[in-house]
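Take a look at the structure below.
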Amino acid sequence: MKYIWAFLIYRFKNTGRRHSMNFFPEMKMRNQFYSLFLAISLSLSFQNSAAQELEYGAWMGVANYFGDLNTNASFEYLGPAGGLFFRYNLGYRFAFKNGFNYGKVGFDDDLSKYPYQQVRNLSFRSNIFEFSSHVEFNFFKYDREKKHLAFTPYLLMGISVFYFNPVTEYDGATYSLRPFQTEDKGYSRVNFGIPLGGGFKYSFTPYWTIGIEGGYRKTFTDYLDDVSGVYPGTLSNAGDPPLANVLSDRSGEVTDPLIGIKGKQRGVAERFDDYLFFGIMISYSPIRMKCPYPSKIH
């Protein structure tokens, strides 16, 4: 890099001399302009390369769901979670982070403190596979190579796309709920979310960083748990109508008569379901090339 700067400075200084006998003065100015433009472009490029540092990492932790079954922000059912990511540091204050994440969420009505939910007797489990992209804002000036700047809390916000598939257990077997249309409605198993959260990171060497992070996912679906609106009454269009009716209204296992009267509230359609990832992470940054400033070239 030192020799690149030396060449550019030499070329800029001597462009006029080489063309001193040129009968077209505008050519001299054009060559000087091109040389200066090249020097500035390369300078900005290498400075950006120095600031934009790439990290590769992994994390592991827990996932939690909030929705029509977990209406009280309970953490009684925590599923495993983890993922891989790469972070692109852009200067001292900002970073971009992309990741592939996995989490298992679920809840049971019998974990609720509300009598109606205990009688409703619904339950679900779902694996979540997510790709997310978000921006991080560092509270402190952050530089992994300087010990007094090697740590910072941060906020994050972004966008994600995820796949889910709610299942439940009945009579010793596991059933995917979506094909049964338990509310006589279909829905997509692919949806979008908005990650919101924050964390803390600390670089204990210029190459290795550890941290903790929590990210709440605001989704755009109310069927993460297969519960949203009202009881449909008797289902006749499902692939297995008798089983579909049983999975739609599980109250018969705990009470008599059934509570699933057509049009009666089954969930809360006005609010979407959400989920949370929380965990510890570690990342590695490969060796990067530094570009010296022109003043340091001798």
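A few notes on this one:
- Residue match in region 48-69 (condition: surrounded by fewer than 21 Cβ atoms within 10 Å (Cβ to Cβ) and touching a Cys at 6+ places or on another chain (Cβ under 9 Å)): yes
- Whichever residue in region 176-214 is crowded, with 20+ Cβ neighbours inside 10 Å and among the acidic types (Asp, Glu) and, among such residues, is farthest from Lys146 (Cα to Cα): Glu183
- Residue match in region 184-191 (condition: in contact (Cβ under 8 Å) with a residue 24 or more places away in the chain, closer than 30 Å to Tyr154 by Cβ and out of contact with any helix residue (DSSP H, G or I) (no Cβ under 6 Å at 6 or more places or on another chain)): yes
- In region 227-257, the residues that are surrounded by 16 or more Cβ atoms within 10 Å (Cβ to Cβ) and either part of a loop (DSSP other than H, G, I, E, B) or among the acidic types (Asp, Glu) (or both): Val227, Ser228, Gly229, Tyr231, Pro232, Leu235, Ala238, Asp249, Arg250
- Among the criteria (1) part of a loop (DSSP other than H, G, I, E, B); (2) more than 25 Å from Asp110 (Cβ to Cβ); (3) of a type outside the set (D, E, K, R); (4) touching a Ser or Thr at 6+ places or on another chain (Cβ under 6 Å), the one Ser188 does not fulfil is (4).
- Condition check for Ser283: closer than 30 Å to Glu213 by Cα, modelled with pLDDT of 90 or more and either surrounded by 14 or more Cβ atoms within 10 Å (Cβ to Cβ) or out of contact with any Asp or Glu (no Cβ under 7 Å at 6 or more places or on another chain) (or both): yes
- Restricting attention to region 99-122, the residues that are modelled with pLDDT under 95, among the charged types (D, E, K, R) and in contact with an Asp or Glu (Cβ under 7 Å, 6 or more places away or on another chain) add up to 0.
The values are calculated or read from the model by the stated rules, or taken from the named source; none is laboratory data. Values in this document were obtained by computation on a predicted structure and should not be read as measured data. In this analysis, Cβ positions are derived from the backbone assuming ideal geometry, glycine residues included, and neighbour counts consider all displayed protein chains.
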